[in-house]
1. Scan segment 70-107 for residues that are crowded, with 18+ Cβ neighbours inside 10 Å and either in contact (Cβ under 8 Å) with a residue 60 or more places away in the chain or not in a helix (DSSP H, G or I) (or both) and jot them down.
2. Answer with yes or no whether F5 is modelled with pLDDT under 85, within 16 Å of G146 (Cβ to Cβ) and among the aromatic types (F, W, Y).
3. Can we say I99 is more than 28 Å from the chain's Cα centre (by Cα) and either closer than 17 Å to I32 by Cβ or β-branched (V, I, T) (or both)?
4. Taking the conditions exactly as written (more than 16 Å from the chain's Cα centre (by Cα), closer than 19 Å to L37 by Cα and surrounded by 14 or more Cβ atoms within 10 Å (Cβ to Cβ)), does G65 satisfy them or not?
5. Considering only residues that are assigned to a helix (DSSP H, G or I) and not hydrophobic (A, V, I, L, M, F, W, C), look in segment 54-64 and name the one that is modelled with the highest pLDDT.
6. Against the condition among the aliphatic types (A, V, I, L, M), without any contact (Cβ under 8 Å) to a residue 40 or more places away in the chain, in contact with a helix residue (DSSP H, G or I) (Cβ under 9 Å, 6 or more places away or on another chain) and assigned to a helix (DSSP H, G or I), how does I67 come out, does it pass?
7. Restricting the search to segment 24-51, which residues are over 26 Å from L144 (Cα atoms) and at pLDDT below 85?
8. Are any of the residues in segment 42-53 under 27 Å from E87 (Cα atoms), in contact (Cβ under 8 Å) with a residue 12 or more places away in the chain, touching an Asp or Glu at 6+ places or on another chain (Cβ under 6 Å) and assigned to a helix (DSSP H, G or I)?
Amino acid sequence: MKTKFLSLLAILLGLLIIIFPVIGVIGVSDLIGLSVLVISIYLLLVGVSVIDYNKSGAIIDIILGMILLFLSFCLIFNPALLGFLAEITLYLAGIMLIIVGVVSLINNRHSRYAFYIGISGVVLGLLYIIIGTYVANPIILGTLIGIWLLISGVLNLLDS
C-alpha cells in the first residue's frame, strides 16, 4: 500500500514539475544547499575542536567549512547556481574526455582498438559539452527532474 501511494505521489510530482519545471530546480537546489550547510557546520566544528593539537588540519577544515557555508547559502537563496555548477562540471568533464581521447589516439597506435577508444573519448567529450549547454537552463533541468520522478514512479508502480 505504501509503495503504491509513493509511486502515485512520484508520478503526480513528476507531472507537476514537468508542467512547472522551475519548482523542481528550486527544491533540489534547496535540498543540496541544506546538505552542504550540514557538512559546513560539521567541518567548522571539527576545525575548532582539533585546533589545539592539529593546527594545519584545523585551519584547512575551518577554511573549507567557511567556503561550503558560503556555497550552501548561495544554493539555498539562488537556485540558478545549481544549473551553473552542473554546467561547469559537465564542461570540465567534456574537456577532460576530449583530452583523454586525443592522448589515446596518439599514444596507443599499436593497439587494435585504440582508434575507436580515442574517437569515443572525443565524441563523448563533445556530447558532454553539448549537454552542459542545455543543463544550465533551469527549465530543462527541472524538466529532467520531473521526467526522472515520473519514470521512477511508474517503474515502482509496475514493480509492486
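The values are calculated or read from the model by the stated rules, or taken from the named source; none is laboratory data. Remember, it's a predicted structure, so these values are computed and weren't measured experimentally. So basically every Cβ, Gly included, is an ideal-geometry build from the backbone, and we count neighbours across all protein chains shown.
1. Once the filter is applied, which keeps residues that are crowded, with 18+ Cβ neighbours inside 10 Å and either in contact (Cβ under 8 Å) with a residue 60 or more places away in the chain or not in a helix (DSSP H, G or I) (or both), segment 70-107 yields only P79.
2. No, not satisfied.
3. On the way: more than 28 Å from the chain's Cα centre (by Cα): no; either closer than 17 Å to I32 by Cβ or β-branched (V, I, T) (or both): yes.
Considered against the rule, which asks whether it is more than 28 Å from the chain's Cα centre (by Cα) and either closer than 17 Å to I32 by Cβ or β-branched (V, I, T) (or both), I99 comes out as no.
4. Numbers: more than 16 Å from the chain's Cα centre (by Cα): yes; closer than 19 Å to L37 by Cα: yes; surrounded by 14 or more Cβ atoms within 10 Å (Cβ to Cβ): yes.
For G65, the condition - more than 16 Å from the chain's Cα centre (by Cα), closer than 19 Å to L37 by Cα and surrounded by 14 or more Cβ atoms within 10 Å (Cβ to Cβ) - is met.
5. Ranking the qualifying residues of segment 54-64, first place goes to D61.
6. Yes: the conditions hold for I67.
7. Listed by number, the residues that qualify are V50, I51.
8. Of segment 42-53, the ones under 27 Å from E87 (Cα atoms) are 43.
Imposing the further condition that a residue be in contact (Cβ under 8 Å) with a residue 12 or more places away in the chain reduces the set to 43.
From what's left, touching an Asp or Glu at 6+ places or on another chain (Cβ under 6 Å): 43.
Remaining after also requiring assigned to a helix (DSSP H, G or I): 43.
Yes; the residues of segment 42-53 include at least one that is under 27 Å from E87 (Cα atoms), in contact (Cβ under 8 Å) with a residue 12 or more places away in the chain, touching an Asp or Glu at 6+ places or on another chain (Cβ under 6 Å) and assigned to a helix (DSSP H, G or I).
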